[in-house]
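A.B. asks: So that we are looking at the same thing, I have put the structure below in structure tokens.
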Amino acid sequence: MKRILLLALVLGISPAISQAAVLDATTSLNLLANPIPLAGGTQNVTANGSGVYDFADRNGDGTTGDAVAPGGLSLGGFALTTDDSTAIKLSLNGGSITGNSGIAGISTYRNLGGSAVGGATGAVTITNAGNLALGVINTARRSTSTSSPGAPNTVGSITIGEVASRVGDVRVDALYAANYNTADSANGYTYNKTSGGNVTIYGSGDVLVKDSVGTYGNIVTWSHGAQSGLITVSHDGGFAAAGLLATAGGVYGTTGKAKGASFNGDANLDGADGDFYVAGDVLFAQVRLTYGDPNGNITITGYRNVTIGGKIETYHASSQYTDNNAGSLIVTAAGNIVLDGAIDMHVSNASAVAGTLDLAAGGTITLNDLNLALLKQAKLGAATSHINGVLSGFAGDNDPRLRTYLGGTVIYDPSVQTDPLLQGQSYSLLDFGGNPTGFLVPIPEPATLALLAIGGMGLLSARRRRRR
Ligand SMILES: [Ca+2]
Ligand SMILES: [Ca+2]
């Protein structure tokens, strides 16, 4: 029996999924005033007075308990769409929702072209649901207009689960709640003032932004016209994605800021169960040279190991106001932290505050390049930290911008440094309390390592000889 179940799992056959209601449609289904037709045509789900397709109230009359057996929905290759700013709200009576990878399974996306008239996109909300295994969820809005659009012009948010009713495991190809416009290039210029939508996930298992064959996808909430959307992920398990793209703009008459993000992998407070892995970039900068509010922070907590493979940007390019602060990256990990790309948290206004790299690891911290001129402070909270790349801007003993845990050691590689201060010298570092208990030291040179190894072997064989 166990073997049969294992075989079923290996083959990707899930008994639970096969029981979900099946969408009975031949094309993508525009939900504007239409019911969701289920297989057989006799169990259509009609939106209730609040616009929710409630699988416990399929006729939408406000009384729950209608017979849709069971809850949940299998989309297959079909898509649920609206394109006039109508929201899509699914309440799945505890069932799972599945759909093919490679398509926008749920979409309120609108391409408004060059029209200066406003146009919002609808939100997507999935509640009372089990697991999600879907293609793309897309609420983005695209416009080539450089005029300030009339209201409403908002981008719908994506909400999956609630604090009081979490979904199970989440696997989606990608999540797009962006405002795309002609200012998509970093220093383009536009009067388009639309902000990105928020992405919010409350789950009880893994949150994996990747398709069914394992290719990672992005979460995109950027807006180069105004503010990016806030990303909030709270669950118990691992998180993985290709990148987190949430840059912001801001033009005359509006304020741009990157709202930041919050990731919590231990929502049930019983300890970290999974790793946090972003293969590519984490972009939360305010890229405009004009107006802006302070950027938000990125907080990552409740995971075992935290790895970010690409660059990290939280800088603030606007010099207009003294509070045009950059965002900080705050990470606590039970295991190791690895940040493998360049880190830029600078500010353009001399009185604004640059971002802090605030890391705390039970294991080790490993960075690639670290330029102290591009941040307020790098707090490397581990017994041992490694800077494998170039350390720039280091001012010598007790540079207030490079800190360690009490008595911590930061190891750098002299062979890749151009700074004459970093050709093998050791320095004292301040700890988080401001006392000089930490150390910056070079990696032992290969010759020294070899000598140590030979010495070690000598000791070992001496010991062995003694035992005999
Ligand atoms: Ca009913
Ligand atoms: Ca947990």
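We did not get these values from a lab; they are worked out from the coordinates using the rules stated. All values derive from a computational prediction rather than experimental measurement. Please note: Cβ atoms are built from the backbone with ideal geometry, for glycine as well, and neighbour counts cover all protein chains shown.
A.B. asks: Would you please give the residues with an amide H less than 5 Å from that of Asp431, counting only those at least 5 places away or on a separate chain, with H modeled from the backbone geometry?
C.D. replies: Thr404, Thr437, Gly438
A.B. asks: Assign unit charges at the C-beta atoms only (+1 for Lys and Arg, -1 for Asp and Glu), then state the dipole size of the range 249-366 relative to its Cα centre in Debye, rounded to the nearest 20.
C.D. replies: Details: 5 positive and 11 negative charges, 68 e Å.
It comes to approximately 320 debye.
A.B. asks: Taking the alpha-carbon centroid of each part, what is the distance from the range 343-373 to the range 265-333 in angstrom?
C.D. replies: So the two Cα centres are separated by 11 Å.
A.B. asks: Determine the sum of side-chain charges near Asp57: Lys and Arg each +1, Asp and Glu each -1, restricted to other residues whose C-beta is under 15 angstrom from that of Asp57.
C.D. replies: With Lys, Arg at +1 and Asp, Glu at -1, the neighbours total -1.
A.B. asks: Need one number: nm distance between label points at Asn59 and Ala164, each 7 Å from Cα along Cα→Cβ, rounded to one decimal.
C.D. replies: The two pseudo-label positions are separated by 2.7 nm.
A.B. asks: Net charge near Ala342: determine it from the other residues with C-beta under 12 Å of the C-beta of Ala342, scoring Lys and Arg +1 and Asp and Glu -1. If you can, show how the numbers build up before the last one.
C.D. replies: Details: positive: Lys311; negative: Asp281, Glu313, Asp340, Asp344, Asp369.
That works out to -4.
A.B. asks: Right, something else. Can you figure out the FRET efficiency of Leu32 with Ser426, using R₀ = 45 Å and their beta-carbon distance, to the nearest 0.05?
C.D. replies: Working: r = 68 Å, r/R0 = 1.52.
The calculated FRET efficiency here is 0.05.
A.B. asks: Mind listing the long-range amide H neighbours of Asn44? Cut-off is under 5 Å, sequence gap 5 or more, other chains count too, H placed in the peptide plane at 1.01 Å from N.
C.D. replies: The answer is Leu38.
A.B. asks: Could you calculate the contour length gain from Ala67 to Ala279, that is, 0.36 nm times the residue separation minus the distance between their Cα atoms, to one decimal place in nm? Write out the running numbers ahead of the final one.
C.D. replies: Numbers: separation 212, 0.36 × 212 = 76.32 nm, distance 4.37 nm.
Once the chain is fully extended between Ala67 and Ala279, it gains 71.9 nm.
A.B. asks: Another question about this same structure. How far, in nm, would the chain grow between Asp413 and Thr144 when pulled straight, counting 0.36 nm per residue and subtracting the alpha carbon separation? List each step's numbers first, then the result.
C.D. replies: Values: separation 269, 0.36 × 269 = 96.84 nm, distance 4.79 nm.
So the chain would gain 92.1 nm between Asp413 and Thr144.
A.B. asks: Listing Leu391, Leu23 from the residue with the fewest other Cβ atoms within 10 Å to the one with the most, what is the order? Numbers along the way, then the final one.
C.D. replies: Numbers: Leu391 23, Leu23 20.
Arranged by neighbour count, lowest to highest, Leu391, Leu23 become Leu23, Leu391.
A.B. asks: Within a 10 angstrom radius of the beta carbon, how do Val306, Val416, Val282 rank from fewest other beta carbons to most?
C.D. replies: Val416, Val282, Val306
A.B. asks: Pop a pseudo-label 7 angstrom from the Cα along the beta-carbon direction at both Ala39 and Asp83 and give the gap in nm to one decimal.
C.D. replies: Here the answer is 2.9 nm between the modelled labels.
A.B. asks: Then there is this: Counting Lys and Arg as +1 and Asp and Glu as -1, each charge on the Cβ, what is the dipole of the range 66-467 about the Cα centre in debye, to the nearest 20?
C.D. replies: 480 debye
A.B. asks: With Cβ to Cβ distances under 12 Å as the rule, what net charge do the other residues near Asp293 carry (K, R +1; D, E -1)?
C.D. replies: +2
A.B. asks: In the structure shown, do any of Lys89/Lys311; Lys311/Lys379; Lys257/Lys379; Lys193/Lys311 have a Cα-Cα gap over 29 Å, and if so which?
C.D. replies: Lys89/Lys311
A.B. asks: On to the next question. Enumerate the amide H contacts of Asp266 below 5 Å, restricted to partners 5 or more residues apart or on another chain; note that Pro and chain-start residues carry no placed amide H.
C.D. replies: The list, which skips near neighbours in sequence, is His235.
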